[in-house]
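What follows is a short report on a single structure.
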């Protein structure tokens, strides 16, 4: 995972002409498309691709106005702003239906009860049997829980990165934030590190990661969720 930080100054607003905005949109449209593609699994039915792209483009323009003329570090900053804009809109729209949230909580409680009873991690079959879930229902719950974990983790992970672009943030604080993330990564298993790296550094979707690692998408969700929880515990 990339943990490089840039020391640049982001003022509240940097005026730019419509031509400069259009140039930025054209140059960084692929970045927006990659981010949208990656977040589709988290969107559910709350937003279609076109809406997500529009929100992402607005996030890109906000990044341009706050950052100023793009340089080699702008892409990293813009990616944070685009991703943050889409996730904020998903939260605003309450992207997980009530029934999905309730089922997710039921599954979490059921897995905990099975874990205590069995003294080990329950298998997918055991979880499905206890909760009366089909294979498709199990995967939907896994995706919903994983999307929630990823959205929450984004806030925790990207906060120090956002601060890295603040010239008022002391270099020592930036170094501490970077080292904290590096230590959290070292606390993961090799497979967990690989999943996190493919998602956050190479911008692959969960479906694409499943294809690369020759696993099911549901299994990637499980690995990713466990990795994010470990990193959250260490970073907090």
Please determine, by comparing only the residues of segment 112-143 that are outside any helix (DSSP H, G or I) and buried (at least 17 other Cβ atoms within 10 Å of the Cβ), which one is modelled with the highest pLDDT.
122
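Kindly provide the set of residues from segment 178-187 that are touching a residue at least 24 places away in the same chain (Cβ under 8 Å) and either part of a helix (DSSP H, G or I) or closer than 26 Å to residue 32 by Cβ (or both), ordered by number. Before the answer, list the steps.
Taking segment 178-187 and keeping what is touching a residue at least 24 places away in the same chain (Cβ under 8 Å), we get 178, 180-185, 187.
Those that are touching a residue at least 24 places away in the same chain (Cβ under 8 Å) and either part of a helix (DSSP H, G or I) or closer than 26 Å to residue 32 by Cβ (or both): 178, 180, 181, 182, 183, 184, 185.
Okay, residues lined up against (1) within 18 Å of the chain's Cα centre (by Cα); (2) closer than 25 Å to residue 196 by Cα; (3) modelled with pLDDT under 90:
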position: 29; (1), (2), (3): no, yes, no
position: 53; (1), (2), (3): yes, yes, no
position: 66; (1), (2), (3): no, no, yes
position: 73; (1), (2), (3): no, yes, yes
position: 80; (1), (2), (3): yes, yes, yes
position: 83; (1), (2), (3): yes, yes, yes
Taking the condition exposed (fewer than 15 other Cβ atoms within 10 Å of the Cβ) and either at pLDDT 85 or above or more than 16 Å from the chain's Cα centre (by Cα) (or both), does residue 190 pass?
yes
Quick one: would you say residue 146 is under 16 Å from residue 219 (Cβ atoms) and either modelled with pLDDT under 80 or assigned to a loop (DSSP other than H, G, I, E, B) (or both)?
yes
Lone qualifier among 2, 38 - being closer than 22 Å to residue 198 by Cα, at pLDDT below 85 and either part of a helix (DSSP H, G or I) or out of contact with any helix residue (DSSP H, G or I) (no Cβ under 9 Å at 6 or more places or on another chain) (or both):
38
Which residues, counting only those in segment 188-235, are over 22 Å from residue 141 (Cα atoms) and outside any helix (DSSP H, G or I)?
188, 189, 201, 202, 203
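The values are calculated or read from the model by the stated rules, or taken from the named source; none is laboratory data. Bear in mind the structure is a predicted one, so any value in this text is a computation, not a measurement. Cβ atoms come from the backbone with ideal geometry, glycine included; neighbour counts cover every protein chain shown.
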